[in-house]
Structures are given as structure tokens and as C-alpha cells.
Amino acid sequence: MSYGRVIPLDKVLLICQSQTEALALKKVLAGAGVTGCIVRPPRHLAAGSCTYAVSIPRGSLPAAQQRMRDMRFIPCKIV
């Protein structure tokens, strides 16, 4: 029995409303030295049909949160 995509425990998903927003977030995070990868989140975490996410290492979350605060960037969810 399959339960869909599995989120690795060493990753955090920053859920965005669109692919464009996810690309912008990836660039914002790169400015703080946080590397991310754009992915489609599991359907149960999606905020809509166009939802994309930026996957980052869990250890980078504090730096990512600080950078998002500094740039006034608010993702839909952090999972």
C-alpha cells in the first residue's frame, strides 16, 4: 500500500503558492547561503493545484527563517 511521497526527516519543506514564488524564495535563501531544491509537495500539504515547495536541509532552517524575516517573505507553510 502506498501513502504518497515521503518527506525525509533531514529536510524541511517551505510551501509556496506557485512555482514563481518558490523560485523567488530559492534566490532569497541563496543570499543567506542556504541551498534549496524546488519540489512538488505531497498533495495533502499543498495549498492549491499550483503549489510548489523549496526543500532545505533541516539544519539550515534557523538561517532560512532569519533570512525570510529580513526580506519579509512569508511562505504558506513550513513542514
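The values are calculated or read from the model by the stated rules, or taken from the named source; none is laboratory data. These numbers were taken from a predicted model, which means no experiment stands behind them. Note that each Cβ is placed from the backbone with ideal geometry, even for glycine, and that neighbours are counted across all protein chains shown. For the accessible areas, the whole protein counts, side chains as well, though only heavy atoms, and no ligand, DNA or RNA atoms are used. Shrake-Rupley method; radii C 1.70, N 1.55, O 1.52, S 1.80 Å.
Here residue 37 does not fit the description of being more than 11 Å from the chain's Cα centre (by Cα) and surrounded by fewer than 15 Cβ atoms within 10 Å (Cβ to Cβ).
Looking only at the stretch 64-79, count every residue that is open to solvent by less than 50 Å² (accessible area, probe 1.4 Å) and either more than 18 Å from residue 9 (Cβ to Cβ) or polar (S, T, N, Q) (or both) and tell me the total. Can you show your working first?
Within the stretch 64-79, the subset open to solvent by less than 50 Å² (accessible area, probe 1.4 Å) is 64, 68, 73, 75.
From the residues that got through so far, the ones that are either more than 18 Å from residue 9 (Cβ to Cβ) or polar (S, T, N, Q) (or both) too are 68, 73, 75.
Count: 3.
Only one of the listed residues (22, 30) is surrounded by 12 or more Cβ atoms within 10 Å (Cβ to Cβ), closer than 14 Å to residue 76 by Cα and at pLDDT 95 or above. That residue is 22.
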